[in-house]
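K.L.:
For reference, the structure I am asking about is given below.
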Amino acid sequence: MTDIHKILVANRGEIALRVMRSAREMGIRTVAVYSEADRLSPHVRFADEAYCVGPPPSSESYLNIERIIEAARRCGAQAIHPGYGFLSENEHFARRVVESGHIFIGPSAQSIGLMGNKLAAKKMAADHQVPLVPGTNDPVSDIATGQRIARKTGYPILLKAAAGGGGKGMRIVERGEDFPSQMERAVSEAASAFGDGSVFIEKYIGRPRHIEFQILGDMHGNIVHLFERECSVQRRHQKVIEEAPSSVLTPELRKEMGDAAVRVARACGYYGAGTVEFLLDENNRFYFLEMNTRLQVEHPVTEAITGLDLVKLQIEIAQGKPLSFRQDDLTLRGHAIEARVYAEDPFNNFLPNTGRLTTYRRPHGNGVRVDDGFEEGMEIPVYYDPLIAKLICHGATRQEAIARMIRAIDEYRISGVETTLGFCKFVMQHEAFVSGNFDTHFVEKHFLPASLPSNDRTEAMLAAVLAVTRVEEDAAAPGPIMISHGSPQQKWRRNRQTRD
Ligand code: ADP
């Protein structure tokens, strides 16, 4: 057991604050690093000490490994917590942290390396009887071989970058004749985005749900899962709303998938917190997607339903403490939903909409948690992910969690930038979400303004207004823009107008 007295958090915004809060509760001193753009950020003010690590672009600050390690050395921090994003899944960083005499609060560099390559991860999963999406688990380098595999797999297929992440580097190929051009593009995109042009082929699952399992392992070989999170409401293959538990898993399927997730973690000698992601098809067959070797953005929904503090557990594991519970000790408590509040314009294809938060008032009350990194009057910097906050609502039932989320969204006051709040309310009120009958295509299928191709905001707004007018005028004869359960778009639109 190594006692940790001081932790440097190599991150910014809400996650830096979230990590520091748990550390402080454990009597551990906290150190912030920041870029010149974040000089006045709440995470800098919250920390016991803070060090500037460079200019605003993350490549020169939050991704500057040597500057961060130098800050840890100067202030005498024993451990470094990477948060999520930035350096959290960088094998080289994890190794450098340890080499420089610090504790990395996360898994070993070796586990990160193994799981950082989707192909290596898939091979390992297959070796441990975890089902994979049909396709190939080897990189495809020439078009003729790729075409043969694609034909055998059956179109539509998905071309994926082996080193991909964040929903980037994926291309759907619908027909054989499109394969050569799409593969050329996929390879060049993968090479420029990830420095590795390897791509592979997966069957494109038509209507999947994204279901992931939270894993926790200690350094003594104990590994448990903390149930699942459903993250099927996505835009651009990236999550916007997450919930726990999933409304479609039976206890049997939960056990089967949870056991598979634990096998994946065990296979790579995992310790710390991690997430094993699966796709679930319409016939309730599940397939391994990848493992994320860090704390996930959506971890608070798991905290809500288990009553555990995942960051505290990460720190205890890094100190060498064994887990104090086993799988059978864990029970699900109620239902939790997280809405990601991004500074994005849902009317304009969810494009970032940074600016100044002229009004910023959080919701409060029973079962409501807000993890954020901003105060009223602050600018949302253009350099980083435009996440303003995560709004997490917990209730005894799914219905209660949804009602609470709607109430909390109504209470939230944000002006100065467009946000995803109104969109999240639209989802909460949509019949498909309420009934639990949805998949990863929720946004394209049900959210009209976002699917407009135009980048022109006025045009998009006009189209949305026209859509609402049609709904109002033609309530008796539903056209393609009608959705069941009244018209949430209409309510959303009204709500948005009164808010702005
Ligand atoms: P990333 O690492 O870039 O996040 P993932 O492999 O985790 O990529 O996939 C992200 C999302 O892309 C999934 O949640 C799902 O919506 C979609 N996706 C990935 N693979 C498939 C597939 N084979 N069929 C259909 N959708 C997929």
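Nothing in this text is a laboratory measurement; each read-out follows from the coordinates by a stated rule. Only a predicted model underlies this, so the values are computations on that prediction, with no experimental measurement involved. In this analysis, Cβ positions are derived from the backbone assuming ideal geometry, glycine residues included, and neighbour counts consider all displayed protein chains.
K.L.:
Shape call for segment 228-308 from the C-alpha gyration tensor, a ≥ b ≥ c root eigenvalues: rounded (a/c under 1.5), prolate (a/b greater than b/c) or oblate?
P.N.:
It is rounded, given that a/c, with a ≥ b ≥ c, falls under 1.5.
K.L.:
Also, I was wondering about something else. Straight distance only, please: which aspartates and glutamates reach the Cα of K312 with their own Cα at less than 15 Å, same-chain residues fewer than 8 apart left out?
P.N.:
By straight Cα distance, K312 reaches D3, E25, D218, E303.
K.L.:
Dipole size in debye (nearest 20) for segment 209-451 around its Cα centre, Lys and Arg Cβ +1, Asp and Glu Cβ -1?
P.N.:
So the magnitude is around 200 debye.
K.L.:
To continue, here is another question. Please tell me the relative contact order of the chain in percent, rounded to the nearest whole number, where contacts are Cα pairs under 8 Å and at least six residues apart.
P.N.:
13 percent
K.L.:
Roughly how many nanometres apart are two label points built 7 Å out from the Cα toward the Cβ at S192 and T397?
P.N.:
5.2 nm
K.L.:
HN-Hα J couplings of segment 30-41 from phi, Karplus 6.51/-1.76/1.60, θ = phi - 60°, integer Hz, Gly and Pro as x?
P.N.:
10, 10, 9, 10, 8, 8, 4, 6, 10, 3, 9, 5
K.L.:
So, one more: Along each of the three principal axes of the Cα atoms of the chain, give the extent in whole Å, ordering the values from largest to smallest.
P.N.:
69, 56, 46
K.L.:
Roughly how many Å is it from the Cα centre of segment 317-347 to that of segment 240-290, as a whole number?
P.N.:
First find each Cα centre; the distance between them is then 14 Å.
K.L.:
On to the next question. Hey, if you put +1 on the Cβ of every Lys and Arg and -1 on every Asp and Glu Cβ in the chain, which of L448, F426, Q319 ends up farthest toward the positive end of that dipole?
P.N.:
The listed residue farthest towards the positive side: Q319.
K.L.:
For segment 134-203, build the convex hull from the C-alpha positions and give me its volume per residue in Å³.
P.N.:
Hull volume normalised by residue count: 69 Å³.
K.L.:
While we're looking at this one, here's another question. What is segment 209-451's relative contact order, in percent, from Cα pairs under 8 angstrom and six or more apart in sequence?
P.N.:
Value for segment 209-451: 21 percent.
K.L.:
Counting Lys and Arg as +1 and Asp and Glu as -1, each charge on the Cβ, what is the dipole of the chain about the Cα centre in debye, to the nearest 20?
P.N.:
Dipole about the Cα centre, nearest 20: 340 debye.
K.L.:
Can you give the relative contact order of segment 213-264 as a percent, counting alpha carbon pairs under 8 Å and 6+ residues apart?
P.N.:
Computed value for segment 213-264: 33 percent relative contact order.
K.L.:
Would you kindly derive the ³J(HN,Hα) couplings of segment 348-354 from the backbone phi angles with the Karplus curve 6.51 cos²θ - 1.76 cosθ + 1.60 (θ = phi - 60°), listing them in order in whole Hz, with x for Gly and Pro?
P.N.:
10, 6, 6, 6, x, 9, 7
K.L.:
Can you tell me the order of 51-59, 260-268, 99-107 when each peptide is scored by its average per-residue count of other Cβ atoms within 10 angstrom, highest first?
P.N.:
Ranked by mean Cβ neighbours within 10 Å, highest first: 260-268, 99-107, 51-59.
K.L.:
Taking R0 as 30 Å, what FRET efficiency do you get between L253 and K445 from their Cβ-Cβ distance, rounded to the nearest 0.05?
P.N.:
The calculated FRET efficiency here is 0.80.
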